[in-house]
Amino acid sequence: MTSRIVLLSWTGIVMSATVFAQGAGAPATGGGRGTPTSPTVPTTPTSPTNRTPNTFPNSTQQSPDLMQRPLYISGKVTLDDGTPPPESLVMQLVCNGSPRSVGYTDSKGRFSIDLGNRNNSAVFADASQNGSGGFGGDTFGRPGTLGQTPGSSGGFSERNLMGCDLQASLPGFRSDSVNLANRRSLDNPDVGVLILHRLSNVEGLTISATSALAPKDAKKAFEKGWNEVKKSKWENAERELTKAVEIYPKYAAAWYQLGVAQQQQNNIEGARKSYAQALAADSKFVSPYQQLALLAARESNWKEVASDTDRLLRLNPVDFPQAWFYNALANYNLQNWDAAEKSARQGLDADAGHRIPKMDHLLGVVLAQKHDYTGAAEHMRKYLLRDPGASDVELVKKQLAEIEKVTAAQASQKAAPDSQPPKQ
C-alpha cells in the first residue's frame, strides 16, 4: 500500500513541476522590479498550478460608458530615505486582498495610470499576483521572474474600486497604500507620494545597488531596452541591453534583463551567462537566482534548484513563496524529506494568501513519504479545497484515497487488541 502511494505522489509532483517549468518562459521584466514576472513556471507559481480566484469586480457587468471613462491617477514613489528607486517599479491595485499590476513608475519614481483603460493587460503580473508566485514577490523580482503571467484585461470604473488600494510593489520593502474607494473620474489625479519601507530582516533585493552608479549612456540604453522588454520585442531589447552592459559591465539589472531577452529567444546558455554576470556584479541581487532556479527545474537539475533557491531564500525569506515551493520540490526529488517538509511549511507561512495551492499538495506528498498519513491527508484536502479546478485533481483524489485506506487500516490494527476478550 505504501509503495502505491509513493508512486502516485511522485508522478503527480513531477508532472506538475514539469508543466510549471514549461510554462515559465523568461521573466518579462525584472531587473529588480517589485513584481516578478518570470518566465512562466510558476509566473507565479504563477507557480505550480496556481489558479488565483478572481476577486476583482466583474468589469464586464459595467455599462460601456462607465468602462471607457478615463480614471487617471498619478503620483510618485520614493524609498524611505527620500530617494527615488533606481529602477522602474510595478504599481498594483490590491482589491479585497488580491493584487493586480496596473502600471509602472518611470526612472524617477513617477507614475501616471489610466485605471479605466481596458488595455492594461499589457502590464505583466507579478509573482505575488498569481501565487507564483513568481517565484514571487519578482514570480521572483519585477514583472519578469518566477512564473508570472500578464494581468487580466479590462479597466476599472468608479463603481468597482470599492475595497481597492494602490501600492508600489518591490520585494524587500513594504509600500504605503492609498485607498481608492471614493475616487471619481474628475478628481485631482495626484494621489501624492508612496513611500517604500525597507524590511529589517531582508538582505537581498530585486533592485541592484549598481544601477545608481551606471553612467548616463548606460542608463539610457537600459531604459530603451526595458521599454522593449515591456513590449516583448526581445531582439530589440537584447540589442539595447547589450549596449548597456558594454558601457557599464557591472550593470547587474541590465545583465538580468539581457538574460530575460535571451531566454525568451530560447538562447538558454546565453541567458545563464547573463544571469551569472548579474550576480558577479551584485551578489545580493536576487532576481537572477530565481531565473537560474527555473531553468534548472525545467531540466530536472534538482541539486541546482536547491542551491539557487537556498541562496535566494537566505537573502530574502519573506517575499518569495514560489522559491520555497521549488526548494521543497528539489529536496523532495533529492529525497531530503526533512528539508522538503521544512521548506514547504515555510512556504505556506510566506504564502499567507494561499496563492500557491500546490504547496499543500507537495507537503502532503512529503508527509506521506515520512509515514505521517494523517498530516498528508490534511494537506491534500486543503489543496483540493483551494484549487478545485486544478488539472491534477483526479490524481490527488486517488492519492488521498490510498492514504485514507492506510490510515483506516492502521486505526483498525490499533483497535484490534482492545476487541479481544481478556484471557482467563
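The values are calculated or read from the model by the stated rules, or taken from the named source; none is laboratory data. Keep in mind the model is a prediction, meaning the values are calculated, not measured. Every residue, glycine among them, receives a Cβ derived from its backbone with ideal geometry; neighbour counts consider all protein chains shown.
What are the pairs, 6+ residues apart or on separate chains, where a residue within region 229-240 that is closer than 14 Å to ALA254 by Cα has its Cβ under 7 Å from a residue that is among the acidic types (Asp, Glu) and surrounded by 16 or more Cβ atoms within 10 Å (Cβ to Cβ)?
The qualifying pairs are ASN236/GLU228; ALA237/GLU228; GLU240/GLU228.
For the structure I just gave you, tell me whether ALA280 is under 24 Å from SER169 (Cβ atoms) and at pLDDT 95 or above.
no
Quick one: in region 205-255, which of the residues that are acidic (Asp, Glu) and more than 17 Å from ALA271 (Cβ to Cβ) is surrounded by the most Cβ atoms within 10 Å (Cβ to Cβ)?
In this case the residue turns out to be GLU223.
Given the conditions (1) more than 22 Å from GLY204 (Cα to Cα); (2) part of a helix (DSSP H, G or I), which single one is not true for ALA254?
Just one mismatch for ALA254, condition (1).
Quick grid of which residues meet (1) in contact with a helix residue (DSSP H, G or I) (Cβ under 8 Å, 6 or more places away or on another chain); (2) among the charged types (D, E, K, R); (3) more than 30 Å from VAL202 (Cβ to Cβ):
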site: LEU334; (1), (2), (3): yes, no, no
site: LYS358; (1), (2), (3): yes, yes, no
site: LEU363; (1), (2), (3): yes, no, no
site: TYR373; (1), (2), (3): yes, no, yes
site: TYR383; (1), (2), (3): yes, no, no
site: SER391; (1), (2), (3): yes, no, yes
site: ALA411; (1), (2), (3): no, no, yes
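In the set VAL90, VAL123, VAL94, which member is modelled with pLDDT of 85 or more, hydrophobic (A, V, I, L, M, F, W, C), closer than 20 Å to PRO189 by Cβ and crowded, with 24+ Cβ neighbours inside 10 Å?
VAL90
Please verify whether region 303-322 includes one or more residues that are outside the structural domain of SER169 (by TED's automatic domain parsing), under 24 Å from ARG239 (Cβ atoms) and of a type outside the set (A, V, I, L, M, F, W, C).
No - not one qualifying residue is present in region 303-322.
Conditions tested, residue by residue: (1) farther than 19 Å from SER107 by Cα; (2) part of a loop (DSSP other than H, G, I, E, B).
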site	(1), (2)
ARG174	yes, no
SER185	yes, yes
VAL202	yes, yes
THR210	no, no
LYS219	no, no
